[in-house]
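Participant: Pasting a structure here, questions to come.
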Amino acid sequence: MKFLKNIRKLSDRSDEELILHYREQADVAILGILYQRYIHLVYGVCLKYFKNREDSQDAVMQIFEKLVDDLLQHQVTYFRGWLYVVVRHYCIRKVSQEGKRVQQNQEFFDEKFMESTLEWSPVDDTEPGDMNRLLEDCLEQLKAEQQSCIRLFYLQEKCYQEIGEQLSLPLNKVKSYIQNGKRNLKLCIERKHEPSA
């Protein structure tokens, strides 16, 4: 009960007073009161950058965790303005990291499956590389027909006709398995290559 009274008392304090109390006591509950005042603004900025609710909600929580240390390390006189800069920098960095990851995945996929020539850049099994292992792992997860068609078409460089004859499949099925297999392969690579939060 005493805790709730203290919280109510603190809720009436100014931002500056709460920062001072937080710096003295390092009590996350005090920071929570302060953060709650601006959480809708934080969410709004995150939504502007991430364009979806789930990522924005995750960011709101991660930014709070970041503030636990940051507010102890920096002299903050105007919390709202400082918080906006922290949130903006956080979002820009995350969006930039995500953009680089997506670009890397796309470049890797394009290198392996070059759409313009429909040629496979063979995987050198002796070459160490996480992406090649990732590719092999994702190939293993494809449905049997998709995996067989992908391997025959790209690794063994067989044409649709030869694949159809070898697997006893009509040409339209071969094309479908290759197209769907490529799409599923790309999705798998992107999913597995996501950085851990």
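Computed from the coordinates by the stated procedures, all read-outs in this text should not be read as laboratory data. As the structure is a prediction and not an experimental result, all values here were calculated from the model. Every residue, glycine among them, receives a Cβ derived from its backbone with ideal geometry; neighbour counts consider all protein chains shown.
Participant: Could you tell me the calculated FRET efficiency between residue 28 and residue 176, based on Cβ-Cβ distance and R0 = 41 angstrom, to the nearest 0.05?
Facilitator: E between residue 28 and residue 176, to the nearest 0.05, is 0.15.
Participant: Looking at region 2-104, what % of the alpha carbon pairs are farther apart than 20 Å?
Facilitator: Every Cα pair in region 2-104 considered, those over 20 Å come to 41 percent.
Participant: Label points 7 Å out from Cα along the Cβ direction at residue 80 and residue 140: separation in nm?
Facilitator: 5.6
Participant: Between residue 165 and residue 187, what FRET efficiency follows from the Cβ-Cβ distance if R0 is 30 Å, with the result rounded to 0.05?
Facilitator: Once rounded, the FRET efficiency stands at 0.55.
Participant: With the cut-off at 26 Å, tell me which of the pairs 66/186; 143/186; 158/182; 51/192; 9/51; 94/186 have Cα atoms farther apart than that.
Facilitator: 66/186; 9/51
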